[in-house]
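What follows is one structure encoded as structure tokens, with my remarks underneath.
The values are calculated or read from the model by the stated rules, or taken from the named source; none is laboratory data. As the structure is a computational prediction, the values presented were derived from the model and not from experiment. Methodologically, a virtual Cβ is constructed for each residue, glycine included, from the backbone with ideal geometry; neighbour enumeration extends over all protein chains shown. To get the accessible areas, we keep the full protein, side chains included, count just its heavy atoms, and leave off ligands, DNA and RNA. Shrake-Rupley method; radii C 1.70, N 1.55, O 1.52, S 1.80 Å.
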Amino acid sequence: MTLRIQCLNIDCHDPQVVAGFWEIALGWRRTYETPEQIVLEPPAGSAEDGVVPDLLFLRVPDPTVGKNRLHLDLRPDDQQREVERLIALGAQRVSIGQPADVSWVVLADPELNEFCVLRPLQDDH
């Protein structure tokens, strides 16, 4: 049996706003769009194209209650510079109970979906 993750679904009130944030943050492309849903995929021809799951932003009326049970971990080349760039795009720092001395930074997108910005891979020991 072969099983593959096709996409990660992200519920949101306004797919335009949330997908727009992630489109710029990741440098991905829109491959499908309706008022109710937007699909983002990695750049065509990139190493991730056809391999990495798509992101599907779905309009839902329900508010987010509590901490997300699933989130993205992003690994940049420069953590501090990437955190600053994401905040300039509309992300904000959030506390989900993480200790002050962790090596990652917890942010939230414009609809408060949490994600983590990790240290560069070469910094891990």
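Do you know which residues across segment 54-67 are crowded, with 16+ Cβ neighbours inside 10 Å and over 30 Å from Q122 (Cα atoms)?
L56, F57, R59
Being in a strand (DSSP E or B), closer than 16 Å to F115 by Cβ and in contact (Cβ under 8 Å) with a residue 60 or more places away in the chain, is that true of even one residue in segment 11-32?
Residues of segment 11-32 in a strand (DSSP E or B): 11-12, 29-32.
From the residues that got through so far, the ones that are closer than 16 Å to F115 by Cβ too are 11-12.
Adding the requirement that they be in contact (Cβ under 8 Å) with a residue 60 or more places away in the chain leaves 12.
Scanning segment 11-32 turns up at least one residue that is in a strand (DSSP E or B), closer than 16 Å to F115 by Cβ and in contact (Cβ under 8 Å) with a residue 60 or more places away in the chain.
Residues V17, V51: which one is open to solvent by 40 Å² or more (accessible area, probe 1.4 Å), at pLDDT below 95 and among the β-branched types (V, I, T)?
Step by step, each of V17, V51 is checked, and only V51 is open to solvent by 40 Å² or more (accessible area, probe 1.4 Å), at pLDDT below 95 and among the β-branched types (V, I, T).
May I ask you to say which residue of L70, L107 is part of a loop (DSSP other than H, G, I, E, B) and within 11 Å of the chain's Cα centre (by Cα)?
Criteria check complete, one pass: L70.
Let me spell it out: the conditions are (1) at pLDDT 95 or above; (2) part of a loop (DSSP other than H, G, I, E, B), and F57 meets all of them except one. Which number is the exception?
Failing condition for F57: (2).
Mind checking which residues of segment 35-45 are without any contact (Cβ under 8 Å) to a residue 24 or more places away in the chain, open to solvent by 40 Å² or more (accessible area, probe 1.4 Å) and not in a strand (DSSP E or B)?
Of everything in segment 35-45, those that are without any contact (Cβ under 8 Å) to a residue 24 or more places away in the chain, open to solvent by 40 Å² or more (accessible area, probe 1.4 Å) and not in a strand (DSSP E or B) turn out to be E36, P43, A44, G45.
Taking the stated definitions as given, is L70 in contact (Cβ under 8 Å) with a residue 60 or more places away in the chain and loosely packed, with under 11 Cβ neighbours inside 10 Å?
yes
Report, by residue number, each residue of segment 73-120 that is under 20 Å from P15 (Cα atoms), among the aliphatic types (A, V, I, L, M), touching a residue at least 12 places away in the same chain (Cβ under 8 Å) and open to solvent by 40 Å² or more (accessible area, probe 1.4 Å).
I87, L89, L112
Looking for something over 20 Å from V94 (Cβ atoms) and either under 18 Å from the mean Cα position of the chain (by Cα) or among the aliphatic types (A, V, I, L, M) (or both) - is there at least one such residue anywhere in segment 60-67?
Yes; the residues of segment 60-67 include at least one that is over 20 Å from V94 (Cβ atoms) and either under 18 Å from the mean Cα position of the chain (by Cα) or among the aliphatic types (A, V, I, L, M) (or both).
Determine whether R93 is of a type outside the set (A, V, I, L, M) and at pLDDT 95 or above.
Yes: the conditions hold for R93.
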